[in-house]
Amino acid sequence: MLKFNPLYLAFTVALFITEILIALFVHDRFIRPYLGDVLVVILLYCFVKSFFNLKVRTAAFFVLAFAFTIEFLQFLNIVEKLNLEKSKLARTVIGTSFSWLDLLTYIIGIAIVFAAEKYRHQNNEKTK
């Protein structure tokens, strides 16, 4: 089950840097709130696949469940309930506002994962 995959780790690092750049320099109404959320589930998927030899469906389901759980915790105002309102890290990582659209962006991100993995699998079959 444990297996290091440097390709997925490279994607993880690239996506993490992209997310940091978006957080620091993009202050718009589309890229930061929506594209950033699409990318975050892809980043989490790549991170999981960097260390675990899981089927695409299993890893994608785990990441989507995790993202939905974090969003649900936002709905419950978990940052305030844990008295972490002053923690910029907690507010950034957990988030502070629930949005139905965030759930949709996570689904879109996982759909991109499935499409990319299918494309990659088809290309691997062609080269064999």
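Some notes on this structure:
- Within straight-line cross-link reach of K118, lysines at Cα separation under 27 Å, skipping those fewer than 8 residues along the same chain: K3, K49, K55, K126, K128
- Among E80, E125, E117, E71, the order by Cβ neighbours within 10 angstrom, fewest to most, reads E125, E80, E117, E71.
- Modelled label positions at L89 and A116, each set 7 Å beyond Cα in the direction of Cβ, lie 2.7 nm from each other.
- Tail beyond 17 Å, pair distance distribution of the chain (Cα, percent): 62
- Close amide H pairs (under 5 Å, H built 1.01 Å from N) link F52 with K3, residues at least 5 positions away or on another chain.
- Working from label points 7 Å from Cα in the Cα-to-Cβ sense, the N5 to S99 distance is 2.9 nm.
- Using 0.36 nm per residue and subtracting the Cα-Cα separation, the extra length available between I31 and L76 on full extension is 13.7 nm.
- Fewest neighbouring Cβ atoms within 10 Å first, the residues Y8, Y119, Y45 line up as Y119, Y8, Y45.
- Choice from L54, L43, L15 showing the highest fluctuation, given a GNM over the chain with Cα pairs closer than 10 Å: L54
- Among the trypsin sites (Lys or Arg not before Pro) found in the range 20-94, those both in a DSSP coil and sparsely packed, with 13 or fewer other Cβ atoms within 10 Å of their Cβ, are R29, K55, K86.
- Count Lys and Arg as plus one, Asp and Glu as minus one, and take only other residues whose Cβ is under 13 Å from that of R32; the net charge is then -3.
- Per-residue HN-Hα couplings for the range 83-88 [Karplus 6.51, -1.76, 1.60; θ = phi - 60°; Hz; x = Gly/Pro]: 6, 10, 4, 7, 8, 5
- For the range 69-128, the calculated P(r) over all alpha carbon pairs, in 10 Å bins from 0 to the bin holding the longest distance, is 21, 32, 21, 15, 10, 2 percent.
- Each part gets one Cα centre, and for the range 106-128 versus the range 7-23 those centres are 19 Å apart.
Only the coordinates and a few stated rules stand behind these numbers; no lab work does. Keep in mind it's a predicted model, so treat the numbers as computed, not measured. In this analysis, Cβ positions are derived from the backbone assuming ideal geometry, glycine residues included, and neighbour counts consider all displayed protein chains.
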